[in-house]
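Shown next, in structure tokens, is the structure this report addresses.
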Amino acid sequence: MAYSSSTRDFVALSDLHPNLAHPNVIGVVIGKTDVRGFPDRKNIGSERYTFSFTIRDSPTYFINVHSWGREDYIRSLSQSFRVGDCVTIENPLVQSKEAEREEKFNPVTPSRYKLLLSENHSTVKMSSCYETDMKLLSLLHLPVKDPQDYYSLGDIIANGQSLDGRILNVLAAVMSVGEPKYFTTSDKRKGQRCEVKLYDETEMSFPIVCWDNESIQLAQSWIPRETVIFASDVRINFDKFRNCMTATVISKTIITTNPETAEANVLFSFVKECAQSGALHDKMEEHSKDSVNLETIADVYTVEQLKEKALQSDGKLEPLYGIIYGYISTLDIDDNISKVIHNRCSICRFIVNEMSNTCTFCSDVSPDSKSTFASFDILVDLTDHTGTLYSCYLSDCVAEETLGCTVHEFLTLADDKKTALKWKILLERSKIYFK
């Protein structure tokens, strides 16, 4: 079997073997890791770089692709495509894989082989064949694991610490997507973290954490209360501080967005019913207010200590809760109102399209039965005698309590009053709870 193009033929991934001379393959990228460097044993003091990705060309077949080389080449190659792109690969080396060793850190694939890319002999290009691309893009909605092989969020919580460290599949809807947080590790490498809250019929708030740029970028495209994901091979852990179970996206993980399966369709129906009935509203408020009781927070930190915490374990730090004695050093409430207030849907409670002021998820609900409401969503900087934490969120009722006014009262303030309010709060030493 082979794919045909106007310029060349592509070998199907299922037909690959090491004896093929100059094979060309095509597929849709379903998974991808970040670029990382490691010491070059042949040239002491220098580094080589690598990243890997997974391509798929049929419902049943996909394969891992690895590339090593100079930093400029690897970074340029990695930046040339993303998950969801269709790519062609010319002249990769087809090599047998050591499944037991390699699948500890890479996605499990049905292929006996892996592809290796050489800077001097291999080429990766974006596909330009519309007909082929459309066929490949449909594969993005097919999970790479049995669609019935997953744990519900309730099952994970019920099993508790017995699942700590296990690698599982999860089918769930997206409740919310956090803002990416950036940090620098002790060896001067940049890192990032993003937490997504999931829910399903059995549990209304379950955290999954992304540590790499690729999964964070994918997560930023998810629409809360609309997107459903099938996450294969995520790591489950027990968070001792929060006393709850969490999931983490790892190098083995492949996430299928809006899967086209019977199980996902059932979840889609649940999501839609909840959004239209407003059933999630009370749960959302409970989680936002009571997920961590402020009375239980007693640990006091300086900004410097928090930054040091972020450097521990190569930046893989679980969320912290504590108190800072400091002040708000940035509070731009008298600038662009769109950076301070967002409209939310009164039915599903999530941010609506700013241009049309409509909720795309509740689009089939009668206009007479839905509306929007305004909510604070402010980025602030927190400072103490040791440094500054940038881009912290001050939102909803906490923002109203801090400002001493509701959104509607704030909107009636003249610009000079907003500025006066800002300077009343700025640089005022306070006891600040963070979570």
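Odds and ends about this structure:
- Mean-position separation - Cα centroids, segment 110-124 and segment 198-276, in angstrom: 31 Å
- T386-S138 pseudo-label distance in nm [points 7 Å out on the Cα-to-Cβ vector]: 5.7 nm
- Taking segment 231-255 and a reference point 7 angstrom along Cα→Cβ of R166, the backbone N atoms nearer than 19 Å belong to 231-240, 243-250, 252-254.
- Percent carbon-and-sulfur accessible area, segment 151-208, ignoring ligands, DNA and RNA, probe 1.4 Å: 45 percent
- Annotation: the antiparallel percentage among DSSP beta bridges lying fully within segment 101-233 is about 95.
- Checked against a 21 Å cut-off, the cross-linked pairs K32/K125; K32/K309; K32/K252 give Cα-Cα distances beyond that limit for K32/K309.
- What the Cβ-Cβ distance of K42 and N91 gives, at R0 = 22 Å and to the nearest 0.05, is a FRET efficiency of 0.40.
- Surface exposure of segment 37-150, expressed per residue as accessible area with a 1.4 Å probe, stands at 56 Å².
- Candidate cross-link partners of K190 among the aspartates and glutamates, defined by an alpha-carbon separation under 15 Å and a same-chain spacing of 8 or more, comprise D34, D212, E214, E308, D314.
- Peptides 114-120, 421-427, ordered by how many other C-beta atoms sit within 10 Å of their residues on average, highest first, read 114-120, 421-427.
- Using the 1.4 Å probe convention, the accessible area of segment 156-248 works out to 41 Å² per residue with neighbouring protein chains retained.
- Inter-label distance, D146 to E103: 1.4 nm, where each label sits 7 Å from its Cα along the C-beta direction.
- Additional length obtainable on full extension of the chain from T50 to S14, 0.36 nm per residue less Cα span: 10.5 nm
- Links that overshoot a 25 Å alpha carbon limit, given the list K181/K431; K307/K431; K114/K135; K145/K240; K240/K307; K307/K418: K145/K240; K307/K418
- Computed about the Cα centre, the dipole magnitude for segment 1-153 is approximately 280 debye when only Lys and Arg (+1) and Asp and Glu (-1) carry charge, each at its Cβ.
The values are calculated or read from the model by the stated rules, or taken from the named source; none is laboratory data. Here the structure is a predicted model, which means the values were calculated and not measured. In this analysis, Cβ positions are derived from the backbone assuming ideal geometry, glycine residues included, and neighbour counts consider all displayed protein chains. Surface accessibility is based on the protein's heavy atoms, side chains included, excluding ligands, DNA and RNA. Shrake-Rupley method; radii C 1.70, N 1.55, O 1.52, S 1.80 Å.
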